[in-house]
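Written out below as structure tokens is the structure these notes cover.
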Amino acid sequence: MTASSSSIADSIRRGLEEALVYAKGAADESLYKAHIPAKLDVKAIRTRLKMTQQEFAARFGFNITTLRHWEQGRRAPEGPTRAYLLVIDRDPDAVQKALRIA
């Protein structure tokens, strides 16, 4: 991993860790201006990336059955997962780089 991709991965990792603390209600909310939507259209995110359900699940580490439940409205992603999906939606390349095996 290059210095640049290493710093990107570290930044994403820190952001996801902060999102977890925030989602658990343990963060000082006055320090954050992040908005994690209560609902996300997971199918729309996947469709914008032009991926099948299997490709999306495998690429980003989701269980295929869980992904299908989200897309069919049977379940909804919870706090940290919504934050992760939001990052995937906004910068899928950075997420893929962070998850890539060295």
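For segment 1-98, trypsin sites (Lys or Arg not before Pro) are listed when DSSP marks them as loop and at most 12 other Cβ atoms sit within 10 Å of their Cβ; the list is Lys24, Lys33, Lys39, Lys50, Arg74. Probing with 1.4 Å while keeping every protein chain in the model, the per residue accessible area of the chain equals 68 Å². In order along segment 36-41, phi translates into HN-Hα couplings of 9, x, 5, 10, 10, 8 Hz, rounded to whole numbers, per the Karplus curve 6.51 cos²θ - 1.76 cosθ + 1.60 with θ = phi - 60° and x for Gly and Pro. Starting from a Cα-only point model with no solvent, please compute log10 I(q)/I(0) by Debye for the chain at q = 0.13, 0.14, 0.18 1/Å. Results for the chain at q = 0.13, 0.14, 0.18 Å⁻¹ read -0.50, -0.57, -0.92. For segment 10-25, backbone phi angles converted through the Karplus equation (6.51, -1.76, 1.60; θ = phi - 60°) give residue-by-residue couplings of 4, 5, 5, 4, 4, x, 5, 5, 5, 4, 5, 4, 4, 5, 7, x Hz, Gly and Pro being listed as x. Where only DSSP H runs of four or more residues are counted, the chain gives -19000 deg cm²/dmol as its mean residue ellipticity at 222 nm, each run worth -39500 (n - 2.57).
The values are calculated or read from the model by the stated rules, or taken from the named source; none is laboratory data. Given the structure is predicted, the values throughout are model-derived calculations rather than measurements. Counting neighbours? That spans all protein chains shown, and the Cβs are built from the backbone with ideal geometry, glycine included. Quick note on the areas: whole protein, heavy atoms, side chains included, nothing else; ligands and nucleic acids left out. Shrake-Rupley method; radii C 1.70, N 1.55, O 1.52, S 1.80 Å.
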